[in-house]
Amino acid sequence: LLSHIPKQHRHMCLVVSENLDPWVNMRNAMYLHGRKRLFGERVHGVVFGNGHLVSDPHKLLDLIATLEAEDVRVLYWGDLDRAGLEILSRVATIANERVSVEPFAAAYRAMLKRAMGRFPDPLANEETEQGGVAISGFDLLEPALKKREAAYLAAVLEGARLIPQEILTAEDL
């Protein structure tokens, strides 16, 4: 797993990104521009989850163990599709009591806002071949969404559509 964690802290918040481009944008915001907040959240580092690689039971937990922090909060951020939310669900499942995993709600809400503006019909979002993939992880994100956002996302997932993480750019951070 690639990571940019400039300094160790006793209490840490890390963002795990499913995809490379958003990870690079976040790393650059922190490394080149000195940003300490992303989408309003105080963040101590960013990790490139490399799709499903991060859900390996040892990868993320081993990286976190090297930080020697008292506690670590992980904000997971990926595509809004069946596969992306399934990764969120698996990462949350493998976490232990020292690691809190939750969806990066502010980033997901920004993605939904952008998608809803571009495609008022949720089924106008990009089609995927994930019709056979079970919907999981929606229950982790839904409480952080407004009713309209949750309904839109539910339609995207039911229709096996995709809102790519890359719908947000470096300027959106």
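Given a 1.4 angstrom probe, what's the average accessible area per residue across the stretch 49-173, in square angstrom?
Here the residues of the stretch 49-173 average 49 Å² of exposed surface.
Helix 105-118 against the longest principal axis of the chain: what's the angle in degrees, Cα atoms only, rounded to the nearest 10?
30
Please check: in the Gaussian network model of the chain (C-alpha springs, under 10 Å), which one of ASP21, ASP81, ASP62 has the largest mean-square fluctuation.
ASP62
With a point put 7 Å past each Cα toward its Cβ, work out how far HIS33 is from ALA106 in nm, to one decimal.
Inter-label distance under the simple model: 1.3 nm.
So what's the convex hull volume per residue for the Cα atoms of the chain, in Å³?
So the per-residue Cα hull volume is 102 Å³.
How far is helix 147-158 tilted, in degrees, relative to the longest principal axis of the Cα atoms in the chain, given as a value from 0 to 90 rounded to the nearest 10?
80
What does the convex hull of the alpha-carbon atoms of the stretch 7-52 project to on average, in nm²?
The Cα convex hull of the stretch 7-52, projected and averaged over all directions, gives 3.3 nm².
Could you list the trypsin sites (Lys or Arg not before Pro) in the stretch 108-152 that lie in coil according to DSSP, counting only those with at most 16 other Cβ atoms within 10 Å of their Cβ?
When the trypsin sites (Lys or Arg not before Pro) of the stretch 108-152 are filtered for loop state and at most 16 Cβ neighbours within 10 Å, LYS146 remain.
What is the local net charge at LEU60, summed over the other residues whose Cβ is closer than 15 Å to its Cβ (Lys, Arg +1; Asp, Glu -1)?
-2
Mind giving me the FRET efficiency for GLU129 and HIS52? R0 is 22 Å, r the Cβ-Cβ distance, nearest 0.05 is fine.
So, using R0 = 22 Å, E works out to roughly 0.90.
Measure off, as a whole percent, the carbon and sulfur share of the 1.4 Å-probe accessible area of the stretch 1-159, all protein chains present.
50
Rank-order 33-40, 68-75, 88-95 by packing density, defined as the average count of other C-beta atoms within 10 Å over each peptide's residues, highest first.
88-95, 68-75, 33-40
Treating the angle as unsigned and between 0 and 90°, give the value, to the nearest 10°, between the Cα long axis of helix 82-94 and the longest Cα principal axis of the chain.
Approximately 30 degrees, to the nearest ten.
Add +1 for every Lys or Arg and -1 for every Asp or Glu among the other residues with Cβ under 13 Å from the Cβ of ASP139, and state the total.
-3
The values are calculated or read from the model by the stated rules, or taken from the named source; none is laboratory data. What you see is a predicted model, and the numbers here were worked out from it, not measured in a lab. Cβ: placed from backbone, ideal geometry, glycine included. Neighbour counts: every protein chain shown. Calculation scope for accessible area: heavy atoms of the full protein, side chains included, ligands and nucleic acids excluded. Shrake-Rupley method; radii C 1.70, N 1.55, O 1.52, S 1.80 Å.
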